[in-house]
Amino acid sequence: MDYLSRYWAFMAKYNVLNAFWVNISLTLAAGALALILGTIAVTMRISPVSSLRLASTFYVNVFRDIPLTVVMVIMASVVWMQLNVSFSNDFHVDFYILAIIGLGIYHSSFIAEALRSGINTVPVGQAEAARGIGLTFLQSTRIVVLPQAFRGSIAPIGNTIIALIKNTTVASVTGVSNETSSTMQAAIEMGPQFIFLIFLTFALGYVIIVIPVGLLSTSLSRRLAVKR
């Protein structure tokens, strides 16, 4: 008990809840960006224009095969340092936004593939019927295809969001401070005698965050599945 009391007194120096909030906020922002970019990519992937299909295929394959750490290093060392892309006068804000962009771009390729799997469940005849009544490709995709594709790909999208939650720890590569990985590293450096409990604390934190997301995506997948 004395060991635990000393541990909690030690961890009181670190704002663990705020660290998890930083990662959650990164997840929300990057997840929204990934959904937008992924939807655009999959729309291009099924486009009748061959150049758009090739561009989308190239985009998805490249970012699925590049390690996330490399993407984040590029955002920090190339986009910010070499190209001097800045969003404010505060470099902490710049790093935060660049982390969101890097995470969003990387995970959008997985969102696109998840949506493509959902599109494959939509009968071809429905798209053909939509075109037959005069709808354009974009109209039929937006009104007929994508709504069903989203309902059919909730589970894989949920898995991608779960991966995104855990991958936000890589944001420290771009210089984002006060998130879980940097906070945990600082705690371990200052209190190596508590290393097991420190790991356990942060692991439990991610379990608490991830399990509800998995349960929600599974429940929505069953409830919203398109009945054939």
Quick one: Pro67 ticks every box in (1) exposed (fewer than 12 other Cβ atoms within 10 Å of the Cβ); (2) more than 16 Å from the chain's Cα centre (by Cα) except a single one, so which number is it? (2)
Is at least one residue of region 94-101 charged (D, E, K, R) and either in contact with a strand residue (DSSP E or B) (Cβ under 8 Å, 6 or more places away or on another chain) or closer than 22 Å to Pro48 by Cβ (or both)? no
Output for region 1-19, where each listed residue is open to solvent by 60 Å² or more (accessible area, probe 1.4 Å) and not small (Gly, Ala, Ser): Met1, Asp2, Tyr3, Leu4, Arg6, Trp8, Lys13, Asn15, Leu17, Asn18
Taking region 115-156 and keeping only residues that are surrounded by fewer than 17 Cβ atoms within 10 Å (Cβ to Cβ), under 16 Å from Ser56 (Cβ atoms) and under 23 Å from the mean Cα position of the chain (by Cα), one is left with Ser117, Asn120
The one condition in (1) closer than 27 Å to Val210 by Cα; (2) touching a residue at least 24 places away in the same chain (Cβ under 8 Å) that Ser56 fails to fulfil: (1)
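Listed here are the residues, each with its yes/no results for (1) at pLDDT 95 or above; (2) exposed (fewer than 13 other Cβ atoms within 10 Å of the Cβ); (3) hydroxyl-bearing (Ser, Thr, Tyr); (4) closer than 24 Å to Gly104 by Cβ.
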{"site": "Asn167", "(1), (2), (3), (4)": "no, no, no, yes"}
{"site": "Ala171", "(1), (2), (3), (4)": "no, no, no, yes"}
{"site": "Gly175", "(1), (2), (3), (4)": "no, no, no, yes"}
{"site": "Glu179", "(1), (2), (3), (4)": "no, no, no, yes"}
{"site": "Thr183", "(1), (2), (3), (4)": "no, no, yes, yes"}
{"site": "Phe194", "(1), (2), (3), (4)": "no, no, no, no"}
{"site": "Thr201", "(1), (2), (3), (4)": "no, no, yes, no"}
{"site": "Ser219", "(1), (2), (3), (4)": "no, yes, yes, no"}
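Here's the yes/no breakdown for (1) assigned to a helix (DSSP H, G or I); (2) under 30 Å from Lys13 (Cα atoms); (3) in contact with a Ser or Thr (Cβ under 6 Å, 6 or more places away or on another chain):
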{"residue": "Phe110", "(1), (2), (3)": "yes, no, yes"}
{"residue": "Glu113", "(1), (2), (3)": "yes, no, no"}
{"residue": "Gln126", "(1), (2), (3)": "yes, no, no"}
{"residue": "Gln139", "(1), (2), (3)": "yes, no, no"}
{"residue": "Gly158", "(1), (2), (3)": "yes, no, yes"}
{"residue": "Ser177", "(1), (2), (3)": "no, yes, no"}
{"residue": "Met184", "(1), (2), (3)": "yes, yes, no"}
{"residue": "Glu189", "(1), (2), (3)": "yes, yes, no"}
For region 11-46, which positions are assigned to a loop (DSSP other than H, G, I, E, B) and in contact with a Lys or Arg (Cβ under 6 Å, 6 or more places away or on another chain)? none
Restricting attention to region 34-64, report how many residues are surrounded by fewer than 19 Cβ atoms within 10 Å (Cβ to Cβ) and within 30 Å of Leu204 (Cα to Cα). 1
Could you check region 70-85 and list, in sequence order, the residues that are open to solvent by less than 70 Å² (accessible area, probe 1.4 Å) and either polar (S, T, N, Q) or in contact with a Ser or Thr (Cβ under 7 Å, 6 or more places away or on another chain) (or both)? Met72, Met75, Ala76, Ser77
Return only the number of the condition from (1) in contact (Cβ under 8 Å) with a residue 24 or more places away in the chain; (2) under 23 Å from Gln139 (Cβ atoms) that Gly31 does not satisfy. (2)
Looking at the structure I just gave you, is Ser88 over 30 Å from Phe194 (Cα atoms), surrounded by fewer than 14 Cβ atoms within 10 Å (Cβ to Cβ) and at pLDDT 90 or above? no
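The values are calculated or read from the model by the stated rules, or taken from the named source; none is laboratory data. Everything numeric in this text was worked out from a predicted model, so none of it was measured. Note: ideal-geometry Cβ built from the backbone for every residue, glycine included; neighbour counts use all protein chains shown. Each accessible area value is taken on the protein alone, full model and side chains, heavy atoms only, with ligands, DNA and RNA left out. Shrake-Rupley method; radii C 1.70, N 1.55, O 1.52, S 1.80 Å.
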